[in-house]
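Notes follow once the structure below has been shown.
Please treat every number below as a calculation from the coordinates, not as lab data. Keep in mind it's a predicted model, so treat the numbers as computed, not measured. Using ideal geometry, Cβ is built from the backbone for each residue, glycine included, and neighbour counts are taken over all protein chains shown.
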Amino acid sequence: MSLDWLSRRSRLAAGGSALFVLALEILGAAPAPAPALPYVYVSEKHSNDAVVIDAATNTVVTHVPVGASPSGVAATANGRVVYVVDAGDTSNDVSVIDVASQQSTRTIPVGKQPQGIVVHPTAGFAYVTSTGASAVGIIDTSRGLLIGSIDVGLMPAGLALTPDGHFLYVANAQDLSHPTDGTVSVIDTTTKLVVDDIAVGKNPFSIAMAPDGLTAYVVNSNSLYTEGLGSVSVIDTATNTVTGTIPVGNNPLDIAIAPDGSAAYVSNFSDNTVQVIDLATQTVTATIQVGLGPLGIAITPDGSTVYVANRQPFGFARNGDVSVIDTTQGKVIATIPVGDNPTEIAIAAPASGGCPGDCDGNGSVSIAELLLAVNIALGSASIDQCVAADPSGNGTVEVNELLAAVASSLNGCPAD
């Protein structure tokens, strides 16, 4: 059945009775089913796309066209939307991929030479580094709009949020052509001000946060083009001081933390290895050989598998691959051929359960919550007021999501 959303605007805004009339008309149209997940998304620098890998089978599902020279990748907390940074001069934007359809639904212009991206867990914002502007851009994900920027250090690259989203840590790489001491800027996301700058090692390129938010781990690459041993700086986020330094391999470029906080995995670009760090002892416990030029790295939510994007050496546009590491065995169990220069990586894996439209999380959906979802759909309320009304995580409430909320109200919340 066709649905003219705009012509029903006044009916939807009128109140609960109009909403239920609409529900009775169209409830037979079932909401779109949740996509089979998890999926692994890898940006392909010279293919101008994101390759999508089914983590259950470790096979390529599709390639999603994005902008020029895609780099950083991040998924929303519910795993329904993936953001890909398009770093090329002809793009300078962020592509938004709908996981259900595996299509790019829009692009968001951002700053010059964007690099890394992270998504706030609840507040409807994403943050993207701009190496060309030495700034962090703030994206309103509901409007698909860059709403501001914050000046940080030179050539910001990787960034990470505390679990509550209150503080953003940004690795300022300085000059990636030469070994240069770098810093980490700490941003209060509420005030949008830099509240601290922390001196770390040479050319910090990536950063990851411990699951409890008490520690940040910064990968110091020792420049991209001058081969040399790197390190990981350990930052106490309560005091914003470096409490330890862990030596690693040549030109480390990325880091992923196990969900239980027990281990870190570091990709060493010039060694073609991934090193495993025991975070309790802050020592390297294993070195795993992977493909050529490992760069982006990510770990599944259950901690069982690590995916590594093997970019190939700089200066070569050629097909790369993704190494799949079993964390229990501590070895590569699969190698997945992909396109040109796979670079960064993210895993989209939504939490199970939840009730569409249950804004307060009490296990039911009231008329007031339905009306709030309608107002979000009409643009008169912020998605921040009811994230549960947006199961797709794309920053707005669409017709199928409203229907799911109505179904929850009429029939009760679905069982987990």
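The H on the amide N of Asp321, modeled in the peptide plane, is under 5 Å from the matching H of Asn310, Val338, each at least 5 residues off or on a different chain. Karplus-derived 3J(HN,Hα) values for segment 77-86, using 6.51 cos²θ - 1.76 cosθ + 1.60 with θ = phi - 60°, are 4, 8, x, 9, 9, 10, 10, 10, 7, 9 Hz; glycine and proline are entered as x.
Evaluated with a Cβ-only charge set (Lys, Arg +1; Asp, Glu -1), segment 199-319 carries a dipole of roughly 400 debye about its Cα centre, given to the nearest 20.
Here the 3J(HN,Hα) profile of segment 261-267, calculated from phi with Karplus coefficients 6.51, -1.76 and 1.60 at θ = phi - 60°, is x, 8, 9, 10, 10, 10, 8 Hz, Gly and Pro shown as x.
Basic side chains Lys and Arg get +1 at the Cβ, acidic Asp and Glu get -1 at the Cβ, and with that the dipole of segment 33-174 about its Cα centre reaches some 80 debye. The charge dipole of segment 39-348, taken about the Cα centre with unit charges on the Cβ atoms of Lys, Arg (+1) and Asp, Glu (-1), comes to about 340 debye, rounded to the nearest 20. Taken one residue at a time, the phi angles of segment 403-409 give Karplus couplings (6.51, -1.76, 1.60, θ = phi - 60°) of 4, 5, 5, 4, 4, 5, 5 Hz. Gly and Pro are set to x.
Computed on segment 39-348, the Cα convex hull volume stands at 108 Å³ per residue.
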